[in-house]
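Peer 1: Here it is: the structure, laid out below.
The values are calculated or read from the model by the stated rules, or taken from the named source; none is laboratory data. Small disclaimer: the values here were computed from a predicted structure and weren't measured. Glycine also receives a Cβ, built like all others from the backbone with ideal geometry; neighbour counts cover every protein chain displayed.
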Amino acid sequence: MKSAKFIFVTGGVVSSLGKGIISSSIGRLLQTCGYKVTIQKFDPYINIDPGTLNPYEHGECYVTEDGVETDLDLGHYERFTGIRTTVHNSVTTGKVYQAVIDKERRGDYLGKTIQVVPHITNEIKDRIKANSLGGEFDFIITEIGGTIGDIESAPFLEAIRQLRWELGNDSLCIHLTYVPYLRAAGEVKTKPTQHSVKELQSLGIQPDILILRTEKHLKKEILQKVAAFCNVAPGCVVQSEDLPSIYEVPLNMHKQGLDKSILAKFGMDHLEGHEQSLALWEDFVKKEKELKESVKVGLVGKYDLQDAYKSIRESLHIAGIHTGKKVEITYVNSENLTEENVGETLSPFDGVIICPGFGSRGTEGKMTAITYTRTHNIPTFGICLGMQMMVIEYARNVLGYKDANSAEINPDTAHNVIDLMESQKALSQLGGTMRLGAYPCSLEPGSKVIGIYGTESIRERHRHRYEFNNDYLDRFEKAGMLCTGRNPKSNLVEIVEVPSLKWFIGTQFHPEYSSTVLNPHPLFMDFVANL
Ligand code: GLN
């Protein structure tokens, strides 16, 4: 069995430097050198997973095929590399402590005092190595969330320090820092980077490669100065300038030889015949730069934060590049939508997305938006809660059930067209109890969606508790809203569409989780192509 090489990615000076994009770019570059790669995220917060976190805290919650609620960086990993992540790719302090405490309760530690070192750090080390056990991967990239110096990341860094000794030449540490530009002085400043590296060194970790995030292009002398002050080889300091698109980052890293430096550190080279495989990526970035025609999409949701709908935004953007259209996305706060202003707000858009969500806030506005787009034949794509809202709006305004609702929003409604699954009713905890992960779905022959997917059976990822209430199915179908995708085992409705309209499709699942740069999702492709 081959032994994997481990790459650790840490961040210093400030947060939000884009460690996720850098890790994803490194993953992509190593893939193009012919290697099998996986990327995992270790987050220092105490939540078991981000499933219970408000998107304002941590952006979108991304869901893996095996049903784990994870950090949005896993979305970047999958979009950049096309690999599927699993339960092993997302670890939090909460998960680590829970596992250690469970073992303690079972008596596994044989009467020992349980301590951060070695018990917590051993658990972290085991989890860092978990992806290497099957011998599937050549490289395991581990991104450590947070910033060096944070109290809560200390056990993760101690685990890395120990692993560096155990793994020897099979491990590498890449540190991402920030180089600010002081306008008044007219200079870039490397001191924060020097301090951040010192902090890492004081924890016993010497970085092998430094990546400097910067708004201004850094001269060679600056990179050399950082190398000299931080005990890093001159060729191993690279810069990551602000670029027009995150998808240019792998090309920029490649231009500076980051892939070569990483492989050289491990005494490796690219595999035979793999020098050219960046071509597809270059092609994608070239198309992105050349986009001329633009289309306008309104994103109707309740979170006024770009990251809350990250995967939807990226899926639209990527589909746009593949179809030659620049998708201009405008966020529309559904809480502000009224019958009076909906026309003026939504008429500029070529298409509208009704976003996922939880709870009742902003749902009436989503319904107002759908009435407008349905009656004005504006292409509309409802995702999860968005699909449920399409169903409720149809029940109210076409079937005539004025009080139709979801049991999530009004548990006492007489027309519960969206209701809780039986299996959910008995559950008392919120975290991790939804229908999560990929489920099969059979598409209806002759439907629009079967044409779009080009296949009868698909698998898509879910994250919800409530479902279409099948008691109403016949009435919807008679009135023109068809169920064109259903779960083959449970018969749950997974897709609705109104074929008499130009593009009016709602999915109970989240297609945005499985759209990647080189494999854009067919529903997003078709939606954008029809705008
Ligand atoms: N709140 C809805 C449910 O739980 C939809 C969830 C979502 O949009 N992800 O069923």
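Peer 1: Quick check on the stretch 410-421: of everything there that is among the β-branched types (Val, Ile, Thr) and assigned to a strand (DSSP E or B), which residue is farthest from the ligand (Cβ to nearest atom)?
Peer 2: 417
Peer 1: Is there a residue in the stretch 108-126 that is assigned to a helix (DSSP H, G or I), within 25 Å of the chain's Cα centre (by Cα) and either without any contact (Cβ under 8 Å) to a residue 24 or more places away in the chain or crowded, with 22+ Cβ neighbours inside 10 Å (or both)?
Peer 2: There is at least one residue in the stretch 108-126 that is assigned to a helix (DSSP H, G or I), within 25 Å of the chain's Cα centre (by Cα) and either without any contact (Cβ under 8 Å) to a residue 24 or more places away in the chain or crowded, with 22+ Cβ neighbours inside 10 Å (or both).
Peer 1: Follow-up. What's the number of the condition residue 280 fails, among (1) surrounded by fewer than 20 Cβ atoms within 10 Å (Cβ to Cβ); (2) over 21 Å from residue 23 (Cα atoms); (3) within 23 Å of the chain's Cα centre (by Cα); (4) not aromatic (Phe, Trp, Tyr)?
Peer 2: (2)
Peer 1: Another question, then. Considering only the stretch 356-386, how many residues are within 12 Å of the ligand (Cβ to nearest atom), outside any helix (DSSP H, G or I) and touching a helix residue (DSSP H, G or I) at 6+ places or on another chain (Cβ under 8 Å)?
Peer 2: Summing the residues that are within 12 Å of the ligand (Cβ to nearest atom), outside any helix (DSSP H, G or I) and touching a helix residue (DSSP H, G or I) at 6+ places or on another chain (Cβ under 8 Å) in the stretch 356-386 gives 7.
Peer 1: Restricting to the stretch 5-18, count the residues that are at pLDDT 95 or above and in contact with a Gly (Cβ under 8 Å, 6 or more places away or on another chain).
Peer 2: 1
Peer 1: Return the residue satisfying two criteria in turn: it lies in the stretch 356-366 and is in contact with an Asp or Glu (Cβ under 7 Å, 6 or more places away or on another chain) and crowded, with 20+ Cβ neighbours inside 10 Å, and of such residues it is modelled with the highest pLDDT.
Peer 2: 365
Peer 1: In the stretch 283-306, what count of residues is obtained for those that are acidic (Asp, Glu) and either surrounded by 15 or more Cβ atoms within 10 Å (Cβ to Cβ) or part of a strand (DSSP E or B) (or both)?
Peer 2: Number of matching residues: 1.
Peer 1: Return a yes/no flag: does the stretch 133-141 have any residue that is in contact (Cβ under 8 Å) with a residue 24 or more places away in the chain and farther than 17 Å from residue 9 by Cβ.
Peer 2: Yes: one or more hits.
Peer 1: Counting residues that are of a type in the set (Val, Ile, Thr) and crowded, with 21+ Cβ neighbours inside 10 Å, which strands (runs of 3 or more DSSP E) fully inside the stretch 456-503 reach at least 2?
Peer 2: By residue number, 493-497.
Peer 1: Output the residues belonging to the stretch 435-475 that are touching a strand residue (DSSP E or B) at 6+ places or on another chain (Cβ under 6 Å), more than 17 Å from residue 387 (Cα to Cα) and among the charged types (D, E, K, R).
Peer 2: Across the stretch 435-475, the qualifying residues are 444, 456, 459.
Peer 1: Does the stretch 323-341 contain any residue that is touching a Gly at 6+ places or on another chain (Cβ under 7 Å) and within 18 Å of residue 521 (Cα to Cα)?
Peer 2: Within the stretch 323-341 (the criterion being touching a Gly at 6+ places or on another chain (Cβ under 7 Å) and within 18 Å of residue 521 (Cα to Cα)), the answer is yes, since at least one residue qualifies.
Peer 1: Taking residue 300 and the conditions (1) without any contact (Cβ under 8 Å) to a residue 12 or more places away in the chain; (2) under 30 Å from residue 326 (Cα atoms); (3) among the hydrophobic types (A, V, I, L, M, F, W, C), which numbered condition does it fall short on, given that it satisfies the others?
Peer 2: (1)
Peer 1: Against the conditions (1) modelled with pLDDT of 95 or more; (2) within 12 Å of the ligand (Cβ to nearest atom); (3) out of contact with any Gly (no Cβ under 7 Å at 6 or more places or on another chain), where does residue 407 fall short? Just the number, please.
Peer 2: (1) is the only condition that residue 407 fails.
Peer 1: Please identify the pairs in which a residue from the stretch 1-28 that is closer than 19 Å to residue 72 by Cα has its Cβ atom under 6 Å from the Cβ atom of a residue that is basic (Lys, Arg) and not in a helix (DSSP H, G or I), counting only partners at least 6 apart or on another chain.
Peer 2: Between residues of the stretch 1-28 that are closer than 19 Å to residue 72 by Cα and residues that are basic (Lys, Arg) and not in a helix (DSSP H, G or I), the close pairs are 17/213.
Peer 1: Scan (1) more than 16 Å from the ligand (Cβ to nearest atom); (2) modelled with pLDDT under 95 for the single condition residue 436 breaks and write down its number.
Peer 2: Unmet for residue 436, out of (1) more than 16 Å from the ligand (Cβ to nearest atom); (2) modelled with pLDDT under 95: (1).
Okay, residues lined up against (1) within 16 Å of the ligand (Cβ to nearest atom); (2) touching an Asp or Glu at 6+ places or on another chain (Cβ under 8 Å); (3) closer than 27 Å to residue 49 by Cβ:
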residue: 454; (1), (2), (3): no, no, no
residue: 457; (1), (2), (3): no, no, no
residue: 463; (1), (2), (3): yes, yes, yes
residue: 469; (1), (2), (3): yes, yes, no
residue: 483; (1), (2), (3): no, yes, no
residue: 488; (1), (2), (3): no, no, no
residue: 491; (1), (2), (3): no, no, no
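Peer 1: Right, something else. State yes or no: is residue 50 surrounded by fewer than 22 Cβ atoms within 10 Å (Cβ to Cβ), within 16 Å of the chain's Cα centre (by Cα) and within 27 Å of residue 438 (Cβ to Cβ)?
Peer 2: no
Peer 1: Additional query: Would you point out which residue out of 401, 394 is modelled with pLDDT of 95 or more, assigned to a loop (DSSP other than H, G, I, E, B) and either out of contact with any helix residue (DSSP H, G or I) (no Cβ under 9 Å at 6 or more places or on another chain) or more than 16 Å from the ligand (Cβ to nearest atom) (or both)?
Peer 2: 401
Peer 1: Moving to a separate point now. Pull up the stretch 53-66, narrow it to residues that are at pLDDT 95 or above and in contact with a Leu (Cβ under 8 Å, 6 or more places away or on another chain), then point me to the one that is surrounded by the fewest Cβ atoms within 10 Å (Cβ to Cβ).
Peer 2: Filtering first and then ranking leaves 64.
Peer 1: Return yes when residue 334 is surrounded by fewer than 16 Cβ atoms within 10 Å (Cβ to Cβ), within 16 Å of the ligand (Cβ to nearest atom), polar (S, T, N, Q) and more than 16 Å from residue 496 (Cβ to Cβ) and no when it is not.
Peer 2: So residue 334 does not fit the description; no.
Peer 1: Criterion first (more than 15 Å from the ligand (Cβ to nearest atom) and either more than 19 Å from residue 481 (Cβ to Cβ) or part of a helix (DSSP H, G or I) (or both)) does residue 349 satisfy it?
Peer 2: yes
Peer 1: Looking at 221, 282, 215 in this structure, which one is without any contact (Cβ under 8 Å) to a residue 40 or more places away in the chain and under 21 Å from residue 517 (Cβ atoms)?
Peer 2: None of the others qualify; the one that does is 282.
Peer 1: Does residue 450 fit the bill of being away from the ligand (no atom under 16 Å from the Cβ), modelled with pLDDT of 95 or more and not in a helix (DSSP H, G or I)?
Peer 2: no
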